[in-house]
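A.B. asks: One structure, as structure tokens, below. Some questions next.
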Amino acid sequence: MPAYIVLFGPPGAGKGTQAQAISQKLSLPHISSGDIFRENLKSHTELGKLAETYMSKGNLVPDDVTIAMIRERLTRPDCKNGALLDGFPRTVAQADALAAMLAEFQGGVNAVPFINVPEAVLVERLTGRWTCRAQGHIFHEKNNPPRIAGHCDFDGSELYQRDDDKVETVTNRIRVYFKQSGPLIEYYRQRGVLVEVDGARPIEQVTEDLLAALPTE
Ligand code: ADP
Ligand code: ADP
């Protein structure tokens, strides 16, 4: 049976950072809805143009568009053994749609690590985030600086600050998270798959805790 893991947590919790650290160890592809939207934006697709109108304000892209995009991604051959989802689902409607599509693929959500970080830490994390142009590798100017300022450690590409990491947009994204994504904590707790991990610890310790919390084959 394929294994599907949903990394959950507020913007800035460290989902992308941890997904990059554990995806290989779990032999599951890292699927980030935000990265897919940003790739579409870069290549000027219709989806990219539509998503941008929501992303620039820190609002969620409509469910139907987001669900269709993830569905297409999960049917690709590299997902035959499952996937490590980062940033999806973000609403109850998305979670219901995910459950339905995974049932079609003879699977289900196996675990939902909830990376919990106090709200006060999130703004500092997001406004100090630097992202790599080529592949979305994630750094932080203080907490996880690149070896050479402005360049990605992994592929040498330029690092940039996302437009939606400006303080005004960040504040709205956090508000949107509590309102629209918050209910997913209870949703997955009730289904017995939620595992809470303290995300306020150093990156490597969160990685260890996550791996320990995940079901092993
Ligand atoms: P998310 O995908 O949940 O929005 P990221 O993985 O992009 O979060 O992390 C947000 C920012 O916080 C990045 O700049 C990252 O380097 C930094 N960060 C991630 N995890 C930690 C941690 N455990 N301690 C300190 N900073 C972290
Ligand atoms: P972060 O983890 O830092 O919040 P993401 O890269 O996951 O940021 O998402 C960036 C933006 O992309 C979101 O603010 C939202 O506009 C859009 N987005 C990403 N995933 C989803 C989703 N599952 N549903 C709706 N919108 C999404």
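The values are calculated or read from the model by the stated rules, or taken from the named source; none is laboratory data. If you're wondering where the values come from, they're calculated on a predicted model, not measured in any experiment. Don't worry about glycine lacking a Cβ; one is built from the backbone with ideal geometry, like all the others, and counts go over all protein chains shown. Ligands, DNA and RNA are excluded from the accessible area calculation, which covers all protein heavy atoms including side chains. Shrake-Rupley method; radii C 1.70, N 1.55, O 1.52, S 1.80 Å.
A.B. asks: If we keep just the residues of the stretch 12-22 that are open to solvent by 10 Å² or more (accessible area, probe 1.4 Å) and within 20 Å of G182 (Cα to Cα), which is farthest from ligand 2 (Cβ to nearest atom)?
C.D. replies: Applying the filter and picking the extreme gives G14.
A.B. asks: Right, here's the next one. What are the residues in the stretch 23-51 that are among the charged types (D, E, K, R) and either open to solvent by less than 30 Å² (accessible area, probe 1.4 Å) or farther than 22 Å from R125 by Cα (or both), if any?
C.D. replies: K25, E39, K42, E46, K49
A.B. asks: If you go through the stretch 194-217, how many residues are out of contact with any strand residue (DSSP E or B) (no Cβ under 7 Å at 6 or more places or on another chain) and either surrounded by fewer than 19 Cβ atoms within 10 Å (Cβ to Cβ) or of a type in the set (F, W, Y) (or both)?
C.D. replies: The qualifying residues number 10.
A.B. asks: Mind listing just one residue for me: the one in the stretch 117-170 that is hydroxyl-bearing (S, T, Y) and within 19 Å of I36 (Cα to Cα) and, of those, most open to solvent (accessible area, probe 1.4 Å)?
C.D. replies: If we filter the stretch 117-170 for residues that are hydroxyl-bearing (S, T, Y), which is where we start, we get 127, 131, 157, 160, 169.
In the following step, the residues that additionally are within 19 Å of I36 (Cα to Cα) were identified as 131, 157, 160.
Numbers: T131: 10, S157: 22, Y160: 48 Å².
The selected residue is Y160.
A.B. asks: Does R191 satisfy being in contact with a strand residue (DSSP E or B) (Cβ under 8 Å, 6 or more places away or on another chain), surrounded by 13 or more Cβ atoms within 10 Å (Cβ to Cβ) and more than 20 Å from A19 (Cα to Cα)?
C.D. replies: Spelling it out, R191 is indeed in contact with a strand residue (DSSP E or B) (Cβ under 8 Å, 6 or more places away or on another chain), surrounded by 13 or more Cβ atoms within 10 Å (Cβ to Cβ) and more than 20 Å from A19 (Cα to Cα).
A.B. asks: Right, something else. Can R173 be described as touching a residue at least 24 places away in the same chain (Cβ under 8 Å), crowded, with 18+ Cβ neighbours inside 10 Å and out of contact with any Leu (no Cβ under 6 Å at 6 or more places or on another chain)?
C.D. replies: yes
Yes or no, residue by residue, for (1) under 14 Å from S181 (Cβ atoms); (2) touching a strand residue (DSSP E or B) at 6+ places or on another chain (Cβ under 8 Å); (3) polar (S, T, N, Q); (4) open to solvent by 40 Å² or more (accessible area, probe 1.4 Å):
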{"residue": "C79", "(1), (2), (3), (4)": "no, yes, no, no"}
{"residue": "L85", "(1), (2), (3), (4)": "yes, yes, no, no"}
{"residue": "N110", "(1), (2), (3), (4)": "no, yes, yes, yes"}
{"residue": "P113", "(1), (2), (3), (4)": "no, yes, no, no"}
